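Written below as structure tokens is the structure these notes are about.
Bear in mind these aren't lab numbers, they're just calculated from the coordinates by the rules spelled out. Just so it is clear, the structure is predicted and the values come from calculations on it, not from any experiment. As a convention, Cβ positions derive from the backbone with ideal geometry for all residues, glycine included, and neighbour counts pool all protein chains shown.
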Amino acid sequence: MIGNSLIDTTRVRRLGLVAMVSALLVSGCTRPQPGAEFNDPFEEQNRAVHAENVALDRTLFGGGRKDKKPFLPEPVADGLINVAENLGTPSDALNSLLQFRLKPALTNTLRFAINSTLGIGGIFDPASEMGLYAEETDFGETLHVWGAPEGAFLVLPVMGPTTERDLAGTVVDAVIDPLGLLTEAPESTYITGIKLAGKVLKRQKYGDAVDSVIYDSADSYAQMRLIYLQNRHFELGIEADVIDPYEDPYAN
Amino acid sequence: MPTDLTRRSTLGLLSAAAFAAVLPGRALALNTAEARELIERAIGEVNAVISSGKSETQMYAEFERIFERYADTRFIALSALGPAGRTASKADLEAYIKAFKGYIARKYGKRFREFIGGRIEVVDAHPLKSFYEVRSVAHLRGEAPFQVDWHVFEKNGKRLFFNIIIEGVNMLAAERTEIGAMLDRRRGDVGALARDLLRAG
């Protein structure tokens, strides 16, 4: 139930535990192999899990077939994705604060206020139309800002690609989510359900782009790993390797 | 007056030296404005195609033409292929480059199709290492704007782009991975790779 703003002692204790667990997880991060392109010491297991995930994806999303019927028609799906993302905004705002990034924290807070009211519970996104775009973040990024190493690349069942640091972040985010702390069952269960549905519908929405990586690549694991890590580094503001055209020995 | 002239030419030399120090190691015939202009023209043509209402097949043909005019597709093909290009026969290599050009136009053309109703806008250009980076922002319907960088160089007197980086994802790096995996599957046979690329993408 929203409204019970008194955070009881069990929750405070739970937060303390989370801080300890995340510190342990991050300090246990696997160090990169010198000279390797990716920090992927669990590649064999990762590839096995990836194959399972692709099989599941094929069952759920049709494996790139054009005649696959969508779960929900596009406008309904878009509304639900918006609701799910709006429910994730308090967590974004909290993480922005934890990263000492005040402007994104303010943007996310304003977005939540505007979209929850004018946007009718987040179905619509009037905040973006005002130029207040989502500043998506997570505890994985917070850990990066605090100086934790990335650790190894991992592929999790169903959830897909991540890193040791991002996995620790996901675990912590599930517990410190302000909405989760302020709600109880059954509301908290509905929130979890909507967020999960949002993920499924996002996979449907970006179907073609995802299909092309998973089903049209010669080595979809290698392709997914490259895309995930490069895009994640971009989000985190980690400087990327630049390909210098004059230094390519094979193309000059 | 001679003193004035000397002072002026000394100043001129000094500023030339300062300018040279700012430039990357290689002498660049290309400048920031020209790199920016190239990408603005390329984007202008991409935007025109995605709003033209042509059929998918027609669009891919148009994208291949745009790629051919504005990108160094030969460089991209050879860079993606890597060391195998050195040992392949000339006929196999040329067949591969030709097939790669169509493949890349189809593959990225499919992605550009998602830009229908949206637009791409150049926001900045600056020197990077031995080349130029032109930064653009893609505005798609119902999405937060995202960053697309174009890497431009000059070769044999022609200005061309050789890499696109979409939200950090590097096209050349992705194609090296993809072509490398395809080649492994065909036990390093560039001729077989060329034949299969005609259908890929």
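What length, rounded to one decimal in nm, is gained on full extension from A:Asp244 through to A:Lys68, with 0.36 nm per residue of separation minus their alpha-carbon distance?
So the chain would gain 59.2 nm between A:Asp244 and A:Lys68.
Given B:Asn170, B:Ser89, A:Leu201, which one lies farthest toward the positive end of the charge dipole of the protein assembly as shown, if we put +1 on the Cβ of every Lys and Arg and -1 on the Cβ of every Asp and Glu?
Result: B:Ser89.
Among DSSP beta bridges whose residues both lie in the protein assembly as shown, state the antiparallel percentage, nearest 5.
Among the beta bridges of the protein assembly as shown, antiparallel pairing accounts for roughly 95 percent.
So who's got an amide H within less than 5 Å of the one on B:Ala71, skipping anything under 5 residues away but keeping other chains? H placed 1.01 Å off N, in plane.
Distant-sequence amide H within range of B:Ala71: B:Phe161.
If you add up the charges near B:Val49, with Lys and Arg at +1 and Asp and Glu at -1, over every other residue whose beta carbon is less than 12 angstrom from its beta carbon, what do you get?
-1
List, in order, the whole-Hz ³J(HN,Hα) value for each residue of the stretch A:145-154 obtained from phi through the Karplus relation with A = 6.51, B = -1.76, C = 1.60 and θ = phi - 60°; use x for Gly and Pro.
Listing the rounded values in order: 4, 6, x, 6, x, 5, x, 7, 6, 10 Hz.
Hey, fewest Cβ within 10 Å first, where do B:Trp150, A:Trp146 land in order?
Ascending Cβ contact count within 10 Å gives the list A:Trp146, B:Trp150.
Could you list the trypsin sites (Lys or Arg not before Pro) in the stretch A:42-102 that lie in coil according to DSSP, counting only those with at most 16 other Cβ atoms within 10 Å of their Cβ?
For trypsin sites (Lys or Arg not before Pro) across the stretch A:42-102 that sit outside H, G, I, E and B with at most 16 neighbouring Cβ atoms in 10 Å, the list reads A:Arg65, A:Lys66, A:Lys68.
Take the cross-link list A:Lys69/B:Lys110; B:Lys54/B:Lys110; B:Lys90/B:Lys110 and give me the ones stretching past 24 Å between alpha-carbons.
B:Lys90/B:Lys110
Can you work out the Karplus-derived ³J(HN,Hα) for every residue in the stretch B:83-100? Use 6.51 cos²θ - 1.76 cosθ + 1.60 with θ = phi - 60°, whole Hz, and x for glycine or proline.
x, 4, x, 6, 9, 6, 6, 4, 5, 4, 5, 5, 5, 4, 4, 5, 5, 4
Calculate the spin-label point distance for A:Leu236 paired with B:Leu128, positioning each point 7 Å from the Cα along the beta-carbon direction, and give it in nanometres.
So the two model labels end up 2.0 nm from each other.
Direction-averaged shadow area of the convex hull around the Cα atoms of the protein assembly as shown, nm²?
One quarter of the hull surface, i.e. the mean projection, equals 28.4 nm².
Give the long-range amide H neighbours of B:Ser136: residues separated by 5 or more places, or on another chain, with amide H under 5 Å away, using H modelled in the peptide plane at 1.01 Å from N.
Those lying under 5 Å, H to H, from B:Ser136 are B:Val123, B:Val148, B:Asp149, B:Trp150.
What's the average, rounded to a whole number, of partner chain beta-carbon atoms within 10 Å of each residue's beta-carbon in B:165-172?
The mean count of partner-chain Cβ atoms within 10 Å per residue comes to 6.
Which whole-number percent is the relative contact order of the stretch B:32-198 (Cα, under 8 Å, 6+ apart)?
Result for the stretch B:32-198 is 28 percent.
Would you list the P(r) distribution for the stretch B:32-198, with all Cα-Cα distances sorted into 5 Å bins from 0 and each bin expressed as a whole %?
All Cα pairs considered, the percentages come to 1, 9, 17, 20, 19, 16, 10, 6, 2, 0.
Take peptide A:217-227, look around each residue's Cβ out to 10 angstrom, count Cβ atoms belonging to other protein chains, and average those counts.
Partner Cβ neighbours, averaged per residue: 5.
Residue by residue, what Karplus-based ³J(HN,Hα) values in Hz, rounded to whole numbers, does the stretch B:102-110 have, using 6.51, -1.76 and 1.60 with θ = phi - 60° and x for Gly and Pro?
x, 4, 5, 5, 5, 4, 7, x, 4
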